[in-house]
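First comes the structure, then the notes that go with it.
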Amino acid sequence: MKDFIDQLPKAELHLHLEGSLEPELMLQLATRNGITLPYADVNEIRRAYQFNNLQDFLDIYYQGAGVLQTEQDFFDLTWAYLQRCKAQGVVHTEPFYDPQTHTERGIPFEVAIHGISAALKQGEVELGISSYLILSFLRHLSEEAALDTLAQALPYRDLFVAVGLDSSEVGNPPEKFTRVYAKAKAEGFKCVAHAGEEGPAAYVWGALDALGVDRIDHGVRSIEDPTLMQRLIDEEITLTVCPLSNTKLRVFDDMRDHTILQMLDRGVKVTVNSDDPAYFGGYVGENYLALHAALGMTKVQARQLAVNSIEGSFLPLLEQQRIISQILNT
Ligand code: ADE
Ligand code: ZN
């Protein structure tokens, strides 16, 4: 199954670049930048990755991102992720990055975007991986802060395909960001948002209706609401599901309880993604393999998940069709 999964052309639609910071690179960048981490070595870092919920993880994730200081750091982070993509058959990726994670600690907006976009360009040329970047707002901060971030991004408009919404979900409903999404849409951005990860199905309704999103990140709690499930099926709304993330953050206690294949078999456009692979135990390939090991995912289901990832992407239709024909021949 591993060889099949690695050879299966696929897109990754839910990946936080800051969440791909492996402990080895974190230590290397801390040394390079003269930063003291509260860990002596890689093993100690890995031991700290025990989470009971999303907030436990976010606290460690923002701390880890503190080692990213220079354009070169952001380049190295992004380049390391693209090499994982290459090894696992990811032909197209739509990664998030959170500008506010960096501007809030005094790193100018242009530092991260220059480093990331240079690596993505090189990935296209040298690795043949296409990528569309998503600017993600931190939902625990205010809508004014998100509007300010959007304004800072406008000079780099061509480097982004969409805006997204992440960080602490419960207590920060989509409706808080109605104005910023309206503005982003008017500027021509596609829209996505995390919803229904820890938050209720009502947040998925909010993301669809108040924000007008093109797809939902996570969305697994939609299964609690039959009317919403029917809407997702009827309107062919893509969900970017992240199985290893969901078990690490206790959205599901065990991979055997995960509902992604039930949703797939009911006709929901679910996809498989890694979210924060350095923290959750694997990249996109390991996520597919976990579904095979725990839920008996078949090759037919894996192909459908890969087709969904391409159809749910923001790639032009002709390019989608080209990749889908390769998937069906794998
Ligand atoms: N930021 C990084 N990963 C996240 C997740 N899974 N949910 C919300 N915010 C995030
Ligand atoms: Zn996420």
Region 177-212 and region 271-321: distance between their alpha carbon centers, rounded to Å: 23
GNM top mover of Val42, Val251, Val67 - the chain, alpha-carbon springs below 10 Å: Val42
Full-stretch length increase - Arg105, Asn43 - with 0.36 nm per residue and alpha-carbon distance subtracted: 19.6 nm
C-alpha center-to-center spacing [region 218-251, region 23-53] in angstrom: 32
Region 104-175, relative contact order in percent, only Cα pairs under 8 angstrom and at least six apart counted: 35
Protection-proxy order for peptides 97-104, 239-246, 266-273, each taking the mean of Cβ atoms within 10 Å per residue, highest first: 239-246, 266-273, 97-104
Mean separation of Cα contacts under 8 Å (6+ apart) over length of region 32-168, as relative contact order %: 25
Evaluated over region 199-330, the Cα radius of gyration and Dmax, each in Å: 14.4, 40
Å³ per residue enclosed by the Cα convex hull of the chain: 124
The chain - charge dipole about Cα centre, Lys and Arg +1 at Cβ, Asp and Glu -1, debye rounded to 20: 580
Of Phe314, Tyr97, Ala302, farthest towards positive along the dipole that unit charges on Lys, Arg, Asp, Glu beta carbons give the chain: Ala302
Simple Cβ-charge dipole of region 1-119, Lys/Arg +1 and Asp/Glu -1, about Cα centre, in debye nearest 20: 220
Phe252 long-range amide H proximity, modeled H, under 5 Å: Thr247
Ascending count of other beta-carbon atoms within 10 Å, so fewest first, for Arg221, Arg46: Arg46, Arg221
Long-range amide H partners of Asp214 with built H, under 5 Å: Cys191, Val192
Nearest-20 debye value, region 210-272 charge dipole, Cβ charges on Lys, Arg, Asp, Glu: 160
Amide proton proximity set for Ile129, modelled H, under 5 Å, gap of 5+: Glu124
Förster radius 35 Å - calculated FRET efficiency between Leu159 and Thr298 (Cβ-Cβ, nearest 0.05): 0.35
Considering only the chain, percent of DSSP beta bridges that pair antiparallel, nearest 5: 0
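Taken together, the values in this text are just the output of simple stated rules run on the coordinates, not laboratory data. This structure is a prediction, so every number in the text was calculated from the model and none was measured. Because the Cβ atoms are built from the backbone with ideal geometry, glycine has one as well, and the counts that use them run over all protein chains shown.
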